[in-house]
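Colleague: I have a structure here, written as structure tokens, and I will follow up with some questions on it.
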Amino acid sequence: MQPALIRLVDQLRKHLETSDWKDASIEVQDLPHYKICLEKSGQRFEVNLWDLCYRICAQDLQPSATPDTSSVDPSLLDEAGEIDWQRIDYKANAVVAQTLRELDESLTQPN
């Protein structure tokens, strides 16, 4: 999970640098919870970084699924069983982009 967290935080930084979203704060709580507060248009959203890491590491894990109902994505390891950093980075980028899209959609929906 640590490689996924490393790539996730880097991808969040990259996406936030080029978007209207702002990092309001990162809250480090009792393990294993790491949360980031994102702000846009005066609204704040709390995002659990471990939930995003599970989506990166799991095979076909959707936001509504629970981590214990999925399996590890074997494509995250190369033929030698080592971490494929490019694949993790690719998935982290996709998860961050999807998360920000979903948050944008929630801003446009009427209350």
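Since every read-out is calculated from the coordinates, none of them should be taken as a lab result. Since the model is a prediction, treat every value here as computed from it, not as a measurement. We place every Cβ from the backbone using ideal geometry, glycine too, and count neighbours over all the protein chains shown.
Colleague: Just grab the label-to-label distance for Ser71 and Lys35, each label 7 Å out from Cα along the Cβ direction, in nm (one decimal).
Modeller: Between Ser71 and Lys35, the label points sit 3.3 nm apart.
Colleague: When the chain is fully extended, how far beyond the present Cα-Cα distance does Thr108 get from Glu46, taking 0.36 nm per residue of separation? Present the calculation step by step, with values, prior to reporting the outcome.
Modeller: Numbers: separation 62, 0.36 × 62 = 22.32 nm, distance 1.74 nm.
Gain on extension, Thr108 to Glu46, equals 20.6 nm.
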